[in-house]
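Here's the structure we're looking at; comments come further down.
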Amino acid sequence: MITPSSHHLQLISPQFHIIHIPPPQSVNLKVTQRHSTISFPLQIKKMVKICCIGAGYVGGPTMAVIALKCPNVEVAVVDISVPRITAWNSDQLPIYEPGLDEVVKQCRGKNLFFSTDVEKHVREADIVFVSVNTPTKTRGLGAGKAADLTYWESAARMIADVSVSDKIVVEKSTVPVKTAEAIEKILTHNSKGIKFQILSNPEFLAEGTAIDDLFNPDRVLIGGRETPQGFTAVKALKDVYAQWVPEDRILTTNLWSAELTKLAANAFLAQRISSVNAMSALCEATGANVSEVSYAVGKDSRIGPKFLNSSVGFGGSCFQKDILNLVYICECNGLPEVAEYWKQVIKINDYQKTRFVNRIVSSMFNTVSNKKIAVLGFAFKKDTGDTRETPAIDVCKGLLGDKARISIYDPQVTEEQIQRDLTMNKFDWDHPLHLQPMSPTTVKQVSVAWDAYAATKDAHGICLLTEWDEFKTLDYERIFENMQKPAFVFDGRNVVDAEKLRKIGFIVYSIGKPLDQWLKDMPALA
(Lines give C-alpha, C1' and ligand atoms only; values in the text may rest on other atoms or scores of the structure.)
Protein backbone atom coordinates (compact mmCIF):
# COMPACT_ATOMS: atom_id res chain seq x y z
CA MET A 1 0.00 0.00 0.00
CA ILE A 2 2.78 2.39 0.79
CA THR A 3 5.63 3.47 -1.44
CA PRO A 4 8.20 6.06 -0.33
CA SER A 5 10.31 8.24 -2.55
CA SER A 6 13.30 10.45 -1.81
CA HIS A 7 11.08 13.52 -1.38
CA HIS A 8 7.82 12.28 0.10
CA LEU A 9 5.82 9.24 1.10
CA GLN A 10 3.56 8.02 -1.66
CA LEU A 11 0.68 5.91 -0.35
CA ILE A 12 -0.90 3.51 -2.80
CA SER A 13 -4.29 2.13 -1.83
CA PRO A 14 -5.38 -1.23 -3.20
CA GLN A 15 -8.68 0.48 -3.90
CA PHE A 16 -8.01 4.09 -4.84
CA HIS A 17 -5.66 6.66 -6.32
CA ILE A 18 -2.21 7.76 -5.14
CA ILE A 19 -2.26 10.44 -2.47
CA HIS A 20 0.63 12.31 -0.91
CA ILE A 21 1.54 12.45 2.76
CA PRO A 22 3.87 15.08 4.23
CA PRO A 23 7.47 13.96 4.68
CA PRO A 24 8.48 12.22 7.90
CA GLN A 25 10.52 15.27 8.88
CA SER A 26 7.23 16.91 9.88
CA VAL A 27 6.61 14.36 12.64
CA ASN A 28 5.90 16.15 15.92
CA LEU A 29 8.21 14.34 18.31
CA LYS A 30 6.68 16.10 21.33
CA VAL A 31 3.34 14.42 20.70
CA THR A 32 4.97 11.00 20.74
CA GLN A 33 7.49 11.59 23.51
CA ARG A 34 5.70 9.29 25.93
CA HIS A 35 6.31 6.33 23.60
CA SER A 36 9.98 6.86 23.02
CA THR A 37 10.95 5.20 26.30
CA ILE A 38 9.37 1.83 25.43
CA SER A 39 11.98 -0.82 24.82
CA PHE A 40 12.35 -4.56 24.78
CA PRO A 41 11.48 -6.61 26.71
CA LEU A 42 7.95 -5.38 25.88
CA GLN A 43 5.27 -6.69 28.26
CA ILE A 44 1.57 -6.84 27.51
CA LYS A 45 0.73 -4.75 30.59
CA LYS A 46 2.79 -1.87 29.16
CA MET A 47 1.25 -2.10 25.71
CA VAL A 48 -0.31 1.15 24.65
CA LYS A 49 -1.59 0.32 21.24
CA ILE A 50 -1.91 -2.15 18.38
CA CYS A 51 -2.09 -0.83 14.83
CA CYS A 52 -2.99 -2.82 11.72
CA ILE A 53 -2.04 -1.51 8.28
CA GLY A 54 -4.73 -2.72 5.88
CA ALA A 55 -8.50 -2.71 6.46
CA GLY A 56 -9.42 -5.63 4.24
CA TYR A 57 -10.80 -9.15 4.71
CA VAL A 58 -8.03 -10.09 7.16
CA GLY A 59 -7.14 -6.89 8.99
CA GLY A 60 -10.67 -5.67 9.73
CA PRO A 61 -12.19 -8.82 11.29
CA THR A 62 -8.98 -9.86 13.08
CA MET A 63 -8.50 -6.51 14.76
CA ALA A 64 -12.21 -6.27 15.64
CA VAL A 65 -12.03 -9.57 17.53
CA ILE A 66 -8.76 -8.60 19.26
CA ALA A 67 -10.45 -5.39 20.41
CA LEU A 68 -13.48 -7.32 21.68
CA LYS A 69 -11.45 -9.91 23.55
CA CYS A 70 -8.78 -7.47 24.85
CA PRO A 71 -10.63 -4.44 26.24
CA ASN A 72 -7.39 -3.24 27.84
CA VAL A 73 -5.75 -2.81 24.43
CA GLU A 74 -6.37 0.06 22.01
CA VAL A 75 -6.64 -1.17 18.42
CA ALA A 76 -6.40 1.02 15.33
CA VAL A 77 -7.04 -0.23 11.80
CA VAL A 78 -5.58 2.09 9.18
CA ASP A 79 -5.94 2.31 5.43
CA ILE A 80 -5.50 5.18 3.00
CA SER A 81 -8.73 4.30 1.18
CA VAL A 82 -11.14 6.96 2.45
CA PRO A 83 -14.30 5.16 1.22
CA ARG A 84 -13.15 1.91 2.85
CA ILE A 85 -12.49 3.54 6.24
CA THR A 86 -15.73 5.51 5.94
CA ALA A 87 -17.56 2.22 5.42
CA TRP A 88 -15.88 0.65 8.48
CA ASN A 89 -17.14 3.64 10.49
CA SER A 90 -20.69 3.29 9.12
CA ASP A 91 -23.57 0.84 9.47
CA GLN A 92 -22.70 -0.67 6.08
CA LEU A 93 -19.33 -2.41 6.50
CA PRO A 94 -17.15 -2.82 3.39
CA ILE A 95 -17.14 -6.63 3.65
CA TYR A 96 -19.86 -9.15 4.40
CA GLU A 97 -19.03 -11.70 7.07
CA PRO A 98 -21.59 -13.31 9.42
CA GLY A 99 -21.22 -11.91 12.95
CA LEU A 100 -18.80 -9.13 11.99
CA ASP A 101 -21.36 -6.33 12.35
CA GLU A 102 -22.06 -7.17 15.97
CA VAL A 103 -18.38 -7.36 16.93
CA VAL A 104 -17.52 -4.03 15.30
CA LYS A 105 -20.50 -2.24 16.85
CA GLN A 106 -19.56 -3.44 20.34
CA CYS A 107 -16.02 -2.06 20.15
CA ARG A 108 -15.96 0.78 17.63
CA GLY A 109 -15.30 4.12 19.29
CA LYS A 110 -14.26 2.45 22.56
CA ASN A 111 -11.02 0.60 21.93
CA LEU A 112 -11.41 -0.05 18.18
CA PHE A 113 -10.78 2.76 15.71
CA PHE A 114 -10.69 2.94 11.90
CA SER A 115 -8.60 5.75 10.45
CA THR A 116 -6.85 7.04 7.35
CA ASP A 117 -4.15 8.69 9.47
CA VAL A 118 -1.70 5.88 8.82
CA GLU A 119 1.48 7.55 10.07
CA LYS A 120 0.01 8.76 13.36
CA HIS A 121 -1.25 5.35 14.45
CA VAL A 122 1.83 3.49 13.27
CA ARG A 123 4.03 5.96 15.13
CA GLU A 124 2.08 5.51 18.36
CA ALA A 125 1.75 1.72 18.21
CA ASP A 126 3.80 -0.84 20.07
CA ILE A 127 2.74 -3.73 17.85
CA VAL A 128 2.15 -3.11 14.14
CA PHE A 129 0.35 -5.76 12.11
CA VAL A 130 0.91 -5.51 8.37
CA SER A 131 -1.98 -6.89 6.35
CA VAL A 132 -1.40 -5.47 2.88
CA ASN A 133 -1.83 -7.12 -0.48
CA THR A 134 0.77 -9.60 -1.70
CA PRO A 135 -0.62 -10.13 -5.22
CA THR A 136 0.81 -12.38 -7.91
CA LYS A 137 3.24 -10.48 -10.12
CA THR A 138 1.84 -9.73 -13.56
CA ARG A 139 5.13 -8.71 -15.17
CA GLY A 140 8.86 -9.03 -14.71
CA LEU A 141 10.78 -11.80 -12.96
CA GLY A 142 8.43 -14.47 -11.68
CA ALA A 143 5.36 -13.07 -13.47
CA GLY A 144 2.34 -15.32 -13.06
CA LYS A 145 3.78 -17.11 -10.02
CA ALA A 146 5.85 -14.98 -7.64
CA ALA A 147 4.31 -12.78 -4.98
CA ASP A 148 4.60 -9.03 -5.53
CA LEU A 149 6.00 -7.59 -2.29
CA THR A 150 5.84 -3.96 -3.41
CA TYR A 151 3.24 -3.01 -0.80
CA TRP A 152 4.95 -4.93 1.99
CA GLU A 153 8.29 -3.28 1.29
CA SER A 154 6.63 0.13 1.14
CA ALA A 155 4.90 -0.50 4.46
CA ALA A 156 8.22 -1.49 6.06
CA ARG A 157 9.93 1.67 4.82
CA MET A 158 7.09 3.81 6.13
CA ILE A 159 7.24 2.10 9.55
CA ALA A 160 10.98 2.79 9.73
CA ASP A 161 10.48 6.41 8.66
CA VAL A 162 7.84 7.35 11.24
CA SER A 163 8.84 5.24 14.25
CA VAL A 164 10.21 6.97 17.34
CA SER A 165 9.97 3.95 19.64
CA ASP A 166 10.83 0.24 19.54
CA LYS A 167 8.18 -1.87 17.84
CA ILE A 168 7.09 -5.39 17.10
CA VAL A 169 6.20 -5.73 13.41
CA VAL A 170 3.89 -8.63 12.62
CA GLU A 171 3.51 -10.25 9.20
CA LYS A 172 -0.21 -10.91 8.83
CA SER A 173 -0.23 -11.01 5.03
CA THR A 174 0.64 -14.29 3.35
CA VAL A 175 4.25 -13.89 2.28
CA PRO A 176 7.00 -16.06 0.74
CA VAL A 177 9.45 -17.82 3.02
CA LYS A 178 12.31 -15.53 4.05
CA THR A 179 10.27 -12.33 3.59
CA ALA A 180 10.91 -11.49 7.24
CA GLU A 181 14.63 -11.45 6.53
CA ALA A 182 14.15 -8.86 3.78
CA ILE A 183 11.87 -6.77 5.99
CA GLU A 184 14.41 -6.91 8.81
CA LYS A 185 17.08 -5.54 6.50
CA ILE A 186 14.87 -2.65 5.41
CA LEU A 187 13.96 -1.78 8.99
CA THR A 188 17.51 -2.19 10.30
CA HIS A 189 19.09 -0.02 7.62
CA ASN A 190 16.49 2.71 8.16
CA SER A 191 16.01 2.38 11.90
CA LYS A 192 17.71 5.56 13.20
CA GLY A 193 18.48 3.65 16.39
CA ILE A 194 14.96 2.22 16.81
CA LYS A 195 14.80 -1.52 17.50
CA PHE A 196 12.37 -3.75 15.63
CA GLN A 197 11.41 -7.37 16.10
CA ILE A 198 9.71 -9.17 13.20
CA LEU A 199 7.09 -11.84 13.86
CA SER A 200 5.12 -14.04 11.47
CA ASN A 201 1.49 -14.54 12.52
CA PRO A 202 -0.29 -15.96 9.46
CA GLU A 203 -4.08 -16.01 9.33
CA PHE A 204 -6.03 -19.21 8.81
CA LEU A 205 -9.51 -17.76 8.35
CA ALA A 206 -12.18 -19.19 6.09
CA GLU A 207 -14.49 -16.62 4.57
CA GLY A 208 -18.05 -17.12 5.72
CA THR A 209 -16.87 -18.40 9.12
CA ALA A 210 -14.08 -15.89 9.85
CA ILE A 211 -15.56 -14.60 13.12
CA ASP A 212 -16.10 -18.11 14.47
CA ASP A 213 -12.58 -19.00 13.32
CA LEU A 214 -11.21 -16.02 15.27
CA PHE A 215 -13.26 -16.79 18.39
CA ASN A 216 -12.33 -20.50 18.37
CA PRO A 217 -9.20 -21.00 16.25
CA ASP A 218 -7.76 -24.44 15.58
CA ARG A 219 -4.42 -22.81 16.27
CA VAL A 220 -2.70 -19.46 16.45
CA LEU A 221 0.78 -19.58 14.95
CA ILE A 222 3.51 -17.13 15.95
CA GLY A 223 7.00 -17.33 14.48
CA GLY A 224 9.93 -15.27 15.67
CA ARG A 225 13.69 -15.08 15.86
CA GLU A 226 15.27 -17.58 18.23
CA THR A 227 17.00 -14.86 20.24
CA PRO A 228 16.19 -13.36 23.67
CA GLN A 229 14.63 -10.33 21.97
CA GLY A 230 12.74 -12.59 19.59
CA PHE A 231 11.36 -14.74 22.41
CA THR A 232 10.26 -11.59 24.26
CA ALA A 233 8.42 -10.31 21.19
CA VAL A 234 6.73 -13.70 20.67
CA LYS A 235 5.58 -13.66 24.30
CA ALA A 236 4.14 -10.15 23.96
CA LEU A 237 1.98 -11.23 21.03
CA LYS A 238 1.15 -14.55 22.65
CA ASP A 239 -0.13 -12.66 25.71
CA VAL A 240 -2.61 -10.85 23.46
CA TYR A 241 -4.12 -14.03 22.06
CA ALA A 242 -3.96 -15.81 25.43
CA GLN A 243 -6.73 -13.52 26.67
CA TRP A 244 -9.20 -15.81 24.88
CA VAL A 245 -7.31 -18.62 23.08
CA PRO A 246 -6.28 -21.70 25.15
CA GLU A 247 -2.51 -21.80 25.54
CA ASP A 248 -2.18 -25.24 23.95
CA ARG A 249 -3.59 -23.78 20.73
CA ILE A 250 -0.99 -21.02 20.51
CA LEU A 251 1.94 -22.51 18.63
CA THR A 252 5.36 -20.88 18.44
CA THR A 253 7.98 -21.64 15.78
CA ASN A 254 10.92 -20.01 14.08
CA LEU A 255 10.14 -17.34 11.49
CA TRP A 256 10.64 -19.52 8.42
CA SER A 257 8.42 -22.34 9.67
CA ALA A 258 5.58 -19.90 10.34
CA GLU A 259 5.89 -18.31 6.90
CA LEU A 260 5.95 -21.68 5.14
CA THR A 261 3.11 -23.16 7.22
CA LYS A 262 0.59 -20.73 5.75
CA LEU A 263 1.52 -21.67 2.17
CA ALA A 264 1.60 -25.36 3.07
CA ALA A 265 -1.81 -25.28 4.76
CA ASN A 266 -3.51 -23.69 1.75
CA ALA A 267 -1.69 -26.04 -0.63
CA PHE A 268 -2.85 -29.10 1.33
CA LEU A 269 -6.47 -27.88 1.40
CA ALA A 270 -6.49 -27.09 -2.32
CA GLN A 271 -4.87 -30.45 -3.00
CA ARG A 272 -7.79 -32.23 -1.31
CA ILE A 273 -10.29 -30.35 -3.46
CA SER A 274 -8.38 -31.13 -6.66
CA SER A 275 -8.09 -34.77 -5.58
CA VAL A 276 -11.82 -35.24 -5.12
CA ASN A 277 -12.53 -33.26 -8.32
CA ALA A 278 -10.19 -35.56 -10.24
CA MET A 279 -12.20 -38.48 -8.83
CA SER A 280 -15.45 -36.79 -9.92
CA ALA A 281 -14.42 -37.08 -13.57
CA LEU A 282 -13.70 -40.77 -13.11
CA CYS A 283 -17.01 -41.26 -11.30
CA GLU A 284 -18.93 -39.81 -14.25
CA ALA A 285 -17.04 -42.04 -16.66
CA THR A 286 -17.75 -45.22 -14.64
CA GLY A 287 -21.19 -44.58 -13.11
CA ALA A 288 -19.86 -44.17 -9.58
CA ASN A 289 -21.22 -41.45 -7.29
CA VAL A 290 -18.58 -39.03 -6.01
CA SER A 291 -20.63 -38.17 -2.92
CA GLU A 292 -20.69 -41.81 -1.89
CA VAL A 293 -17.00 -42.24 -2.65
CA SER A 294 -15.93 -39.13 -0.73
CA TYR A 295 -18.19 -40.00 2.23
CA ALA A 296 -16.69 -43.46 2.51
CA VAL A 297 -13.13 -42.16 2.07
CA GLY A 298 -13.73 -39.45 4.70
CA LYS A 299 -14.77 -42.08 7.26
CA ASP A 300 -11.14 -43.13 7.41
CA SER A 301 -9.87 -41.38 10.56
CA ARG A 302 -6.51 -40.85 8.86
CA ILE A 303 -8.20 -38.79 6.13
CA GLY A 304 -11.32 -37.19 7.61
CA PRO A 305 -14.34 -35.70 5.80
CA LYS A 306 -13.41 -32.04 5.35
CA PHE A 307 -12.70 -30.51 1.92
CA LEU A 308 -13.90 -33.64 0.12
CA ASN A 309 -16.95 -32.10 -1.57
CA SER A 310 -16.66 -32.18 -5.34
CA SER A 311 -17.45 -28.94 -7.14
CA VAL A 312 -16.80 -26.86 -10.23
CA GLY A 313 -13.49 -25.85 -8.64
CA PHE A 314 -11.95 -23.89 -5.80
CA GLY A 315 -11.73 -20.11 -5.71
CA GLY A 316 -10.93 -17.38 -3.23
CA SER A 317 -8.03 -15.03 -2.79
CA CYS A 318 -5.54 -17.53 -1.38
CA PHE A 319 -5.46 -21.03 -2.84
CA GLN A 320 -4.28 -20.40 -6.39
CA LYS A 321 -2.09 -17.44 -5.45
CA ASP A 322 -0.37 -19.29 -2.62
CA ILE A 323 0.23 -22.45 -4.63
CA LEU A 324 1.73 -20.46 -7.51
CA ASN A 325 3.94 -18.73 -4.97
CA LEU A 326 4.94 -22.12 -3.55
CA VAL A 327 5.77 -23.35 -7.04
CA TYR A 328 7.99 -20.33 -7.65
CA ILE A 329 9.81 -20.78 -4.34
CA CYS A 330 10.44 -24.45 -5.15
CA GLU A 331 11.80 -23.56 -8.57
CA CYS A 332 14.08 -20.88 -7.08
CA ASN A 333 15.42 -23.43 -4.60
CA GLY A 334 16.27 -25.97 -7.30
CA LEU A 335 13.31 -28.30 -6.64
CA PRO A 336 11.60 -28.68 -10.06
CA GLU A 337 9.95 -32.02 -9.16
CA VAL A 338 8.34 -30.50 -6.09
CA ALA A 339 7.22 -27.49 -8.11
CA GLU A 340 5.66 -29.74 -10.75
CA TYR A 341 3.75 -31.67 -8.09
CA TRP A 342 2.04 -28.53 -6.80
CA LYS A 343 1.43 -27.20 -10.32
CA GLN A 344 -0.81 -30.20 -10.90
CA VAL A 345 -3.20 -29.01 -8.18
CA ILE A 346 -3.82 -25.85 -10.22
CA LYS A 347 -4.05 -27.80 -13.49
CA ILE A 348 -6.80 -30.06 -12.13
CA ASN A 349 -8.72 -27.02 -10.88
CA ASP A 350 -8.55 -25.40 -14.33
CA TYR A 351 -9.48 -28.74 -15.93
CA GLN A 352 -12.59 -29.01 -13.73
CA LYS A 353 -13.88 -25.60 -14.82
CA THR A 354 -13.18 -26.34 -18.49
CA ARG A 355 -14.86 -29.76 -18.18
CA PHE A 356 -17.96 -28.13 -16.69
CA VAL A 357 -18.26 -25.63 -19.56
CA ASN A 358 -17.72 -28.39 -22.14
CA ARG A 359 -20.49 -30.44 -20.52
CA ILE A 360 -22.91 -27.50 -20.78
CA VAL A 361 -22.15 -26.82 -24.43
CA SER A 362 -22.20 -30.48 -25.53
CA SER A 363 -25.46 -31.19 -23.71
CA MET A 364 -27.23 -28.31 -25.43
CA PHE A 365 -26.71 -29.61 -28.97
CA ASN A 366 -23.06 -28.54 -29.00
CA THR A 367 -23.82 -24.83 -29.00
CA VAL A 368 -25.04 -22.19 -26.58
CA SER A 369 -24.87 -19.39 -29.12
CA ASN A 370 -27.60 -16.85 -28.38
CA LYS A 371 -29.09 -19.14 -25.72
CA LYS A 372 -29.91 -17.70 -22.31
CA ILE A 373 -28.00 -19.37 -19.48
CA ALA A 374 -28.96 -18.46 -15.91
CA VAL A 375 -26.04 -18.41 -13.50
CA LEU A 376 -27.13 -18.78 -9.88
CA GLY A 377 -24.31 -17.72 -7.60
CA PHE A 378 -21.21 -15.71 -8.48
CA ALA A 379 -19.32 -15.53 -5.17
CA PHE A 380 -16.65 -18.19 -4.74
CA LYS A 381 -18.54 -19.70 -1.76
CA LYS A 382 -21.70 -19.04 0.23
CA ASP A 383 -21.91 -16.51 3.07
CA THR A 384 -19.49 -14.09 1.44
CA GLY A 385 -19.63 -11.47 -1.30
CA ASP A 386 -16.04 -12.23 -2.29
CA THR A 387 -15.56 -13.01 -5.98
CA ARG A 388 -11.78 -13.26 -6.08
CA GLU A 389 -10.78 -16.20 -8.32
CA THR A 390 -14.36 -17.49 -8.21
CA PRO A 391 -14.91 -20.38 -10.65
CA ALA A 392 -17.93 -18.46 -11.92
CA ILE A 393 -15.62 -16.08 -13.79
CA ASP A 394 -14.04 -18.82 -15.90
CA VAL A 395 -17.34 -20.61 -16.45
CA CYS A 396 -19.03 -17.39 -17.61
CA LYS A 397 -16.10 -16.49 -19.85
CA GLY A 398 -16.20 -19.99 -21.36
CA LEU A 399 -19.91 -19.64 -22.13
CA LEU A 400 -19.44 -16.13 -23.48
CA GLY A 401 -16.76 -17.54 -25.77
CA ASP A 402 -19.51 -19.66 -27.34
CA LYS A 403 -21.73 -16.53 -27.55
CA ALA A 404 -24.19 -17.42 -24.81
CA ARG A 405 -26.42 -14.79 -23.20
CA ILE A 406 -25.94 -14.92 -19.44
CA SER A 407 -28.25 -13.77 -16.65
CA ILE A 408 -26.61 -13.79 -13.22
CA TYR A 409 -28.10 -13.70 -9.73
CA ASP A 410 -26.12 -13.66 -6.49
CA PRO A 411 -27.58 -12.38 -3.20
CA GLN A 412 -24.35 -10.63 -2.15
CA VAL A 413 -22.50 -9.59 -5.32
CA THR A 414 -23.23 -6.32 -7.11
CA GLU A 415 -23.64 -5.89 -10.85
CA GLU A 416 -20.63 -3.56 -10.93
CA GLN A 417 -18.44 -6.21 -9.31
CA ILE A 418 -19.65 -8.92 -11.70
CA GLN A 419 -18.98 -6.75 -14.75
CA ARG A 420 -15.56 -5.78 -13.38
CA ASP A 421 -14.62 -9.42 -12.82
CA LEU A 422 -15.66 -10.44 -16.32
CA THR A 423 -13.62 -7.69 -17.99
CA MET A 424 -10.49 -7.96 -15.85
CA ASN A 425 -7.26 -9.69 -16.82
CA LYS A 426 -6.04 -12.60 -14.73
CA PHE A 427 -4.35 -11.58 -11.44
CA ASP A 428 -5.38 -7.93 -11.84
CA TRP A 429 -8.09 -8.32 -9.18
CA ASP A 430 -5.43 -8.29 -6.44
CA HIS A 431 -3.77 -5.06 -7.53
CA PRO A 432 -4.85 -1.51 -6.63
CA LEU A 433 -7.99 -0.24 -8.29
CA HIS A 434 -6.13 2.69 -9.79
CA LEU A 435 -4.39 0.10 -11.97
CA GLN A 436 -7.77 -1.30 -13.03
CA PRO A 437 -10.54 0.27 -15.14
CA MET A 438 -12.57 2.47 -12.78
CA SER A 439 -15.73 1.95 -14.82
CA PRO A 440 -15.72 -1.57 -16.18
CA THR A 441 -16.81 -2.04 -19.76
CA THR A 442 -20.24 -3.64 -19.78
CA VAL A 443 -20.33 -7.10 -21.30
CA LYS A 444 -23.45 -6.79 -23.43
CA GLN A 445 -24.18 -10.52 -23.30
CA VAL A 446 -24.36 -10.39 -19.48
CA SER A 447 -27.26 -9.12 -17.37
CA VAL A 448 -27.68 -9.21 -13.61
CA ALA A 449 -31.07 -10.18 -12.15
CA TRP A 450 -32.66 -9.25 -8.80
CA ASP A 451 -33.68 -12.82 -7.92
CA ALA A 452 -33.40 -16.40 -9.14
CA TYR A 453 -36.79 -16.38 -10.84
CA ALA A 454 -35.97 -13.34 -12.97
CA ALA A 455 -32.58 -14.85 -13.87
CA THR A 456 -34.09 -18.16 -15.00
CA LYS A 457 -37.11 -16.80 -16.92
CA ASP A 458 -36.91 -17.94 -20.58
CA ALA A 459 -33.51 -19.54 -19.94
CA HIS A 460 -32.40 -22.69 -21.73
CA GLY A 461 -30.21 -23.82 -18.86
CA ILE A 462 -29.28 -23.08 -15.25
CA CYS A 463 -25.75 -23.19 -13.80
CA LEU A 464 -25.52 -23.45 -10.01
CA LEU A 465 -22.10 -22.06 -9.15
CA THR A 466 -22.37 -21.04 -5.46
CA GLU A 467 -23.90 -23.19 -2.73
CA TRP A 468 -26.21 -20.50 -1.28
CA ASP A 469 -28.83 -22.15 0.94
CA GLU A 470 -31.68 -20.38 -0.84
CA PHE A 471 -30.95 -22.31 -4.04
CA LYS A 472 -31.94 -25.56 -2.29
CA THR A 473 -35.47 -24.32 -1.59
CA LEU A 474 -36.39 -22.53 -4.81
CA ASP A 475 -39.71 -23.38 -6.47
CA TYR A 476 -38.20 -25.39 -9.31
CA GLU A 477 -41.61 -26.29 -10.75
CA ARG A 478 -42.28 -22.59 -11.26
CA ILE A 479 -38.81 -22.15 -12.73
CA PHE A 480 -39.31 -25.11 -15.10
CA GLU A 481 -42.60 -23.70 -16.41
CA ASN A 482 -40.92 -20.41 -17.34
CA MET A 483 -37.88 -21.93 -19.11
CA GLN A 484 -37.24 -22.97 -22.69
CA LYS A 485 -37.50 -26.71 -23.32
CA PRO A 486 -35.63 -28.95 -22.95
CA ALA A 487 -34.67 -27.32 -19.66
CA PHE A 488 -31.23 -28.07 -18.22
CA VAL A 489 -29.73 -27.76 -14.75
CA PHE A 490 -25.94 -27.95 -14.40
CA ASP A 491 -25.21 -28.25 -10.70
CA GLY A 492 -21.62 -27.20 -10.04
CA ARG A 493 -21.98 -27.54 -6.25
CA ASN A 494 -24.24 -30.59 -5.88
CA VAL A 495 -26.78 -28.52 -3.93
CA VAL A 496 -30.06 -29.71 -5.50
CA ASP A 497 -31.90 -33.01 -5.38
CA ALA A 498 -31.28 -34.21 -8.92
CA GLU A 499 -33.98 -36.90 -8.85
CA LYS A 500 -36.68 -34.43 -7.78
CA LEU A 501 -35.67 -32.09 -10.58
CA ARG A 502 -35.72 -34.93 -13.11
CA LYS A 503 -39.28 -35.78 -12.06
CA ILE A 504 -40.25 -32.17 -12.77
CA GLY A 505 -38.79 -32.53 -16.27
CA PHE A 506 -35.28 -31.10 -16.04
CA ILE A 507 -32.22 -32.69 -17.62
CA VAL A 508 -29.77 -32.57 -14.73
CA TYR A 509 -25.99 -32.72 -14.64
CA SER A 510 -24.45 -33.00 -11.17
CA ILE A 511 -20.66 -33.11 -10.93
CA GLY A 512 -19.36 -36.60 -10.21
CA LYS A 513 -22.82 -38.23 -10.26
CA PRO A 514 -24.20 -40.91 -12.64
CA LEU A 515 -25.18 -39.26 -15.92
CA ASP A 516 -28.64 -38.93 -17.47
CA GLN A 517 -29.08 -40.91 -20.66
CA TRP A 518 -29.29 -37.57 -22.46
CA LEU A 519 -25.82 -36.66 -21.24
CA LYS A 520 -24.46 -40.08 -22.18
CA ASP A 521 -25.81 -39.61 -25.70
CA MET A 522 -24.09 -36.21 -25.96
CA PRO A 523 -20.65 -36.75 -24.45
CA ALA A 524 -18.52 -33.75 -23.58
CA LEU A 525 -15.24 -33.40 -25.42
CA ALA A 526 -12.29 -32.40 -23.26
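Which percent of the accessible heavy-atom area of the chain goes to carbon and sulfur, probe 1.4 angstrom?
Of the solvent-accessible surface of the chain, carbon and sulfur hold 53 percent.
So for each of 489-498, 377-386 I average, over its residues, the number of other beta carbons within 10 Å; can you give me the resulting order with the highest mean first?
Sorting 489-498, 377-386 by mean packing, highest first, produces 377-386, 489-498.
Average projected area of the Cα convex hull of the chain, in nm²?
That works out to 25.0 nm², a quarter of the Cα hull's surface.
Tell me, in nm to one decimal, what length is gained between LYS397 and THR423 on full extension, where the rule is 0.36 nm per residue of separation less the Cα-Cα distance?
8.4 nm
Once you sort the root eigenvalues of the Cα gyration tensor of segment 289-383 as a ≥ b ≥ c, which label holds: rounded (a/c under 1.5), prolate (a/b larger than b/c) or oblate (the other case)?
oblate
Collect residues whose amide H, placed 1.01 Å from N in the peptide plane, falls under 5 Å from the amide H of LEU199; neighbours closer than 5 in sequence don't count.
Amide H to amide H, under 5 Å and 5 or more residues apart or across chains, LEU199 pairs with VAL169, VAL170, GLU171.
Rounded to two decimals, what is the ratio between the C-alpha radius of gyration of segment 193-299 and 2.2 N^0.38 Å?
1.49
Can you give the % of DSSP beta bridges in segment 48-245 that are antiparallel, to the nearest 5?
In segment 48-245, approximately 10 percent of DSSP beta bridges are antiparallel ones.
If R0 is 22 Å, what FRET efficiency do you get for SER301 and LEU251 from their C-beta distance, rounded to 0.05?
My answer for the efficiency is 0.45.
Give me the extension gain from GLN344 to ASP469: residue separation times 0.36 nm, minus the current Cα-Cα distance, reported in nm with one decimal.
Gain on stretching GLN344 to ASP469: 41.9 nm.
Under the Karplus relation 6.51 cos²θ - 1.76 cosθ + 1.60, θ = phi - 60°, what is the ordered set of whole-Hz ³J(HN,Hα) values for segment 113-119, x standing for Gly and Pro?
9, 10, 8, 9, 7, 4, 4
Which one, SER291, MET424, ILE159, projects farthest toward the positive side of the charge dipole computed for the chain from Cβ point charges (K/R +1, D/E -1)?
Checked the options; the winner is ILE159.
Which whole-number percent is the relative contact order of the chain (Cα, under 8 Å, 6+ apart)?
13 percent.
For a protection proxy built on the mean count of beta-carbon atoms within 10 angstrom, sort 500-513, 59-72, 85-98 highest first, please.
So the peptides 500-513, 59-72, 85-98, ranked by packing, come out 59-72, 500-513, 85-98.
What net charge do the residues around GLN412 carry, taking every other residue with its C-beta under 10 Å from that of GLN412, with Lys and Arg at +1 and Asp and Glu at -1?
That works out to -2.
Keeping every protein chain present and rolling a 1.4 Å probe, give me the accessible area per residue for the chain in Å².
Result: 43 Å² of accessible area for each residue.
Less than 13 Å Cβ to Cβ from GLU102, Lys/Arg counted +1 and Asp/Glu -1: what total charge do the surrounding residues give?
Local charge sum for GLU102: -2.
At a Förster radius of 22 Å, what calculated FRET efficiency corresponds to the Cβ-Cβ distance of TRP518 and ASP451, to the nearest 0.05?
Computed FRET efficiency for TRP518 and ASP451: 0.20.
At what distance in nm do the modelled label points of LYS110 and SER191 sit from each other, each positioned 7 Å from its Cα along Cα→Cβ?
3.8 nm
Which percent, nearest 5, of DSSP beta bridges in the chain are antiparallel?
So the antiparallel bridges in the chain amount to around 15 percent.
Quickly rank 408-420, 219-231 as a protection proxy: mean count of other C-beta atoms within 10 Å, highest first.
408-420, 219-231
Classify segment 48-245 from the C-alpha gyration tensor, please: rounded if a/c falls under 1.5, else prolate or oblate depending on whether a/b exceeds b/c.
Since a/c stays below 1.5, the shape of segment 48-245 is classed as rounded.
Which net charge results for the neighbourhood of VAL290, defined as the other residues with beta-carbon distances under 11 angstrom from its beta-carbon, given Lys and Arg at +1 and Asp and Glu at -1?
-1
Determine the gain in length on full extension of the stretch ASP117-TRP244; use 0.36 nm per residue of separation and subtract their C-alpha separation, reporting nm with one decimal.
Length gained, ASP117 through TRP244: 42.8 nm.
The values are calculated or read from the model by the stated rules, or taken from the named source; none is laboratory data. None of these values were measured; they are calculated from a predicted model. Here the Cβ is made from the backbone with ideal geometry for all residues, glycine too, and neighbour counts use every protein chain on show. We work out accessible area using only protein heavy atoms, side chains counted, and drop any ligands, DNA or RNA first. Shrake-Rupley method; radii C 1.70, N 1.55, O 1.52, S 1.80 Å.
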